[in-house]
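Each remark here refers to the structure printed beneath this line.
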Amino acid sequence: MRTVRVALVGFGNVGQALADLLDQRADVLYQQYHLDVSVTGIATARHGTIIAPDGVDLARTVAAIEDDPAATLPGALTGAIAIPAFIATVPADIIVELSPLAPESGQPAIRHCETALRNGKHVVTANKGPVAYGYRRLRDLALSQHRQFRFESAVMDGAPIFALVEKALPATKVRGFRGVVNSTSNLVLTMMTAGQTLAEAVAEAQRRGVAEADPSYDLDGWDATVKVCALMNALMDADVRPADIERTGIGDITADDLRAATAAGTAIKLVAEAWEARDGTPHGRVVPRALPLADPLATLAGTSNMLILRTDTMGDLAIGEYDGGTPQTAYGVLADILHIADSE
Ligand SMILES: NC(=O)c1ccc[n+]([C@@H]2O[C@H](COP(=O)([O-])OP(=O)(O)OC[C@H]3O[C@@H](n4cnc5c(N)ncnc54)[C@H](OP(=O)(O)O)[C@@H]3O)[C@@H](O)[C@H]2O)c1
């Protein structure tokens, strides 16, 4: 049996869902891959840091946080350790970066990824900031270090978008895309269309663990904008930043607007899109649109997402994720870990 040692930076919704998933899937990983994925460290902002070369007791750690969300992680180090020092020294093959998104800079997650790669560790992240702000740098650093930089869960939770293009669409160019990629705004639009208030809808997104730490990042279109950059950089070989993307959020959409859209046989969705201009320059936009009900994006309810890739081999190719959430995000992280393990 082979052991892959993984250290987590961040142990919030996704980190805890990953811990649950690793426990649930341990038997399958052993039987199918002869693999033991051992979590040898966890670093957080306020809950302390664990370093455990023989593996963290994940069930006990999750239970402690569930019992008391303010508790320090059981077995946490007594002295403080800075996150970069944790990343550099923790005995791990892969750093899983799960800190919150900073939509205006992508930091400190980019630094976390760089530190990991420079110290010879692979990186898996669900944080789209590094892909939107640092994709080329991190990709090139990973190549030069013979390590991998993977980020399947950065867009549409664990739906295999990046792996689809990387592994299943050889010799294909992605020329653009359109989609619904922000779960919170789609849930808000769905619930407001059904007569609930914005506050009720945001509370529901928070209850499901899909809202960003600051939900205004979702409602103002920032999250979708950062995802558009991540998709354009990784799939279209663009080198764009969120400031390059035209952005309009859903904050100004009222219950009356939604009622009028329904009466007109349309549905308002926050659409994320990218395309190539005639000279090949890539452009991106996030904008609410009233879509005819025949449009597949119009049918998406709640936290469901869809991305339609415009390709030069397969025409338009859609991938949808219905009622996604943190379990799917954790699965995307696990899939990335397994892709790395498979290539070693
Ligand atoms: N939730 C989802 O379904 C989903 C889906 C796709 C992608 N993502 C992305 O996945 C990442 C994690 O999401 P989440 O929902 O798990 O976030 P979360 O619940 O807010 O948890 C964030 C974790 O990061 C820690 N943290 C905060 N600042 C840090 C820093 N500067 N350095 C190191 N750790 C830090 C926090 O520490 P404390 O515990 O001490 O506060 C917490 O453990 C985010 O980038 C998010 O955009 C989430």
In degrees from 0 to 90, rounded to the nearest 10, what is the angle of the helix 129-144 Cα long axis to the longest principal axis of the chain?
-> 50
Nearest 10 degrees, 0 to 90: what angle lies between the long axis of helix 109-118 and the longest principal axis of the chain (Cα atoms)?
-> 40
Estimated FRET transfer efficiency when R0 is 22 angstrom, pair Leu77-Thr3 (beta carbons, to 0.05) = 0.45
Relative contact order for the chain: what is it in percent, counting Cα pairs under 8 Å that are at least 6 residues apart?
-> 18
Beta bridges per DSSP with both ends in the chain, % antiparallel, nearest 5 | 60
Mind pulling the angle between the C-alpha long axis of helix 222-235 and the longest principal axis of the chain? Nearest 10 degrees, somewhere in 0 to 90.
-> 80
P(r) for the stretch 224-344: what percent of alpha-carbon pairs falls in each 10 Å bin, starting at zero?
-> 11, 33, 37, 16, 3, 0
Using Cα pairs under 8 angstrom and six or more residues apart, how large is the relative contact order of the stretch 243-292, in percent?
-> 46
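Normalised by the residues of the stretch 199-280, what does the relative contact order come to in percent, with Cα pairs under 8 Å and at least six apart? Numbers along the way, then the final one.
On the way: 50 pairs, mean separation 21.3, N = 82.
Result for the stretch 199-280 is 26 percent.
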Cα centroid separation, the stretch 7-77 to the stretch 87-131 (Å) | 17
Mean-position separation - Cα centroids, the stretch 215-268 and the stretch 301-321, in angstrom = 16
Expressed to one decimal in nm², the mean projection of the alpha carbon convex hull of the chain is 17.6
For Arg111 paired with Tyr33, estimate the spin-label separation in nm (one decimal), with each label point 7 Å from Cα along the Cα-to-Cβ line.
-> 3.1
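Computed from the coordinates by the stated procedures, all read-outs in this text should not be read as laboratory data. Bear in mind that the values here come from a model prediction, so they are computed numbers and not experimental data. Virtual Cβ from ideal backbone geometry, glycine too; neighbours counted across all protein chains shown.
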